[in-house]
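Please treat every number below as a calculation from the coordinates, not as lab data. As the structure is a prediction and not an experimental result, all values here were calculated from the model. Positions of Cβ are generated from backbone atoms using ideal geometry, with glycine treated the same way; all protein chains shown enter the neighbour counts.
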Amino acid sequence: MKLHILSLNLSVIKLEPHQPIPEVLSSQEWFSVTRTRDELSIVCPTSATHNLEKGESEHGWRCIQVAGVLDFGLTGILYALTKPLAEHKIPVFAVSTYNTDYLLVKDAQLEKAREVLTLAGYTFDDSN
């Protein structure tokens, strides 16, 4: 399975569940929004966070994308990716879309995550 590291620096932000989805997100290249009854969770480029209402936040994330489109019948994709990372004590924040999965790792651990996943048999597509 091929993986791709996005060039974006990302932040994870937690806002109150009743807050509107910030309009600044619509102009971003990559973002994810999840609303539950407990929170409004946003993952977006760190450069966009100065335009957001302040909430709890974690900065310094990088994103590893599973390249290509994953079939809904596939099982164990996230487990197979996160197991070797967990064994090396590399925390992740997972985001899934209709097409694929994304693993966020802290920037300081990105190269170690790449090494671990390469040793686990994954290849990285370094094209942009």
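A few points about this structure:
- Ordering S26, S11, S57 from the fewest to the most neighbouring beta carbons within 10 Å gives S26, S57, S11.
- Helix 110-119 axis, angle to the chain major axis (alpha carbon atoms, nearest 10°): 30
- Between helix 77-87 and the chain: long-axis angle, C-alpha atoms, 0 to 90°, nearest 10: 80
- In this simple spin-label model, placing a label point 7 Å from the Cα along the Cα-to-Cβ direction at both T100 and T118 gives a separation of 1.9 nm.
- Normalising the Debye intensity of the chain to I(0), with uniform scatterers on Cα atoms only, and taking log10 at q = 0.12, 0.13, 0.18 Å⁻¹ returns -0.48, -0.56, -1.02.
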